[in-house]
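A short worksheet on the structure shown next.
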């Protein structure tokens, strides 16, 4: 016998956990189906930190969503008593004509976001960095980072407190939709619902049943030791940072443990056919671009990382998200292709999805992320 819910969410990561909270707290009978164990590190919602910023160089249309995302992260903190968002500012460095600098300036000007031009003072205010001579430098004081695993856990706990059911180690094997509702089958059980939300991250490629060209990229992140004890105090004031260099876009975070700093490359990545084909081991070749970046830009770091981890970017061709109804089924919602910059939006995307499924107005601010023949 199948169990019935108002909404079933496939995926219990950053997006799915948020959607679960928003639906449950509006009284919807909500079920989350996650194929892995709770707190797993097999997808894209792990690695300690994710940047959050408002002067969004990718496109100004994201900024209203970010304004609401900030509010919702703070609301979740108050509800759960968990520290999720650390404000420490964001440093952007790149050639003046680069996407990073021009895009940030455009979003800041369009939405009146504080953004400080620090090109002249950067070397004094941020002595840990060596800035290329041809770079412009801007600083966003309201930016910072999210503790990614804590965020997912907080959303799941809040969802369960509001009445949601969460089932882990439950792999979905099929779903079907009609005007009467949606049927979802796992390896051991069947569920009926009014609305299905596909928030499976890299596994969405096999779930969508429609032609959205999602590319899965293998990505690595590494934690480098702070090389000298005398440098430890200097790194205390390091903000989140992103550099657009000739050989790629690199980013990193202030030290959390006082001993290491996490850096990674936002550009690049190796395509994998399926998530199951992902090589989850890290090798010396994986960290070579970061070793080079650290030597040029962050000499306070040691020459080789102490540890590393692997995750995935699920990319759309235009690198923008897909948040929309399924093209063939209005009772199936898609949350896909977050392209390596989606986690900071998780708090608000859950609200947008809830608005779409319940017929409220919350989805309007994300209308630019609908399919509309984009691909």
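The values are calculated or read from the model by the stated rules, or taken from the named source; none is laboratory data. Because the structure is predicted, anything quoted here is derived from the model rather than measured. Because the Cβ atoms are built from the backbone with ideal geometry, glycine has one as well, and the counts that use them run over all protein chains shown.
Tally time: how many residues in segment 332-369 are in contact (Cβ under 8 Å) with a residue 60 or more places away in the chain, surrounded by 19 or more Cβ atoms within 10 Å (Cβ to Cβ) and over 20 Å from the mean Cα position of the chain (by Cα)?
Qualifying residue count for the region: 2.
Of the residues in segment 238-288, how many are under 17 Å from residue 130 (Cβ atoms) and without any contact (Cβ under 8 Å) to a residue 40 or more places away in the chain?
1
Condition check: in contact (Cβ under 8 Å) with a residue 24 or more places away in the chain and within 22 Å of residue 62 (Cα to Cα). Does residue 135 satisfy that? I'd like the intermediate steps shown before the answer.
On the way: in contact (Cβ under 8 Å) with a residue 24 or more places away in the chain: yes; within 22 Å of residue 62 (Cα to Cα): no.
Considered against the rule, which asks whether it is in contact (Cβ under 8 Å) with a residue 24 or more places away in the chain and within 22 Å of residue 62 (Cα to Cα), residue 135 comes out as no.
Among the candidates 108, 158, which residue alone is in the same structural domain as residue 39 (by TED's automatic domain parsing) and part of a helix (DSSP H, G or I)?
On the way: 108 fails: in the same structural domain as residue 39 (by TED's automatic domain parsing).
Answer to the selection: 158.
Any idea which of 372, 280 is surrounded by fewer than 19 Cβ atoms within 10 Å (Cβ to Cβ), modelled with pLDDT under 95 and in a loop (DSSP other than H, G, I, E, B)? So that I can check it myself, show each step before the final result.
Numbers: 280 fails: modelled with pLDDT under 95.
When all the criteria are applied, what remains is 372.
Taking the criterion of being more than 25 Å from residue 294 (Cα to Cα) and buried (at least 16 other Cβ atoms within 10 Å of the Cβ), would at least one residue in segment 126-134 satisfy it?
Our first condition is that a residue be more than 25 Å from residue 294 (Cα to Cα); within segment 126-134, this holds for none.
Within segment 126-134 (the criterion being more than 25 Å from residue 294 (Cα to Cα) and buried (at least 16 other Cβ atoms within 10 Å of the Cβ)), the answer is no, since none of the residues qualifies.
Please determine whether any residue of segment 173-184 is touching a residue at least 40 places away in the same chain (Cβ under 8 Å), more than 26 Å from the chain's Cα centre (by Cα) and not assigned by TED's automatic domain parsing to the domain that holds residue 11.
no
Going by the conditions given, is residue 309 in a loop (DSSP other than H, G, I, E, B), touching a residue at least 24 places away in the same chain (Cβ under 8 Å) and closer than 18 Å to residue 221 by Cβ?
Criteria not met by residue 309.
In segment 30-47, which residues are over 20 Å from residue 345 (Cα atoms) and not in a loop (DSSP other than H, G, I, E, B)?
The answer is 30, 31, 33.
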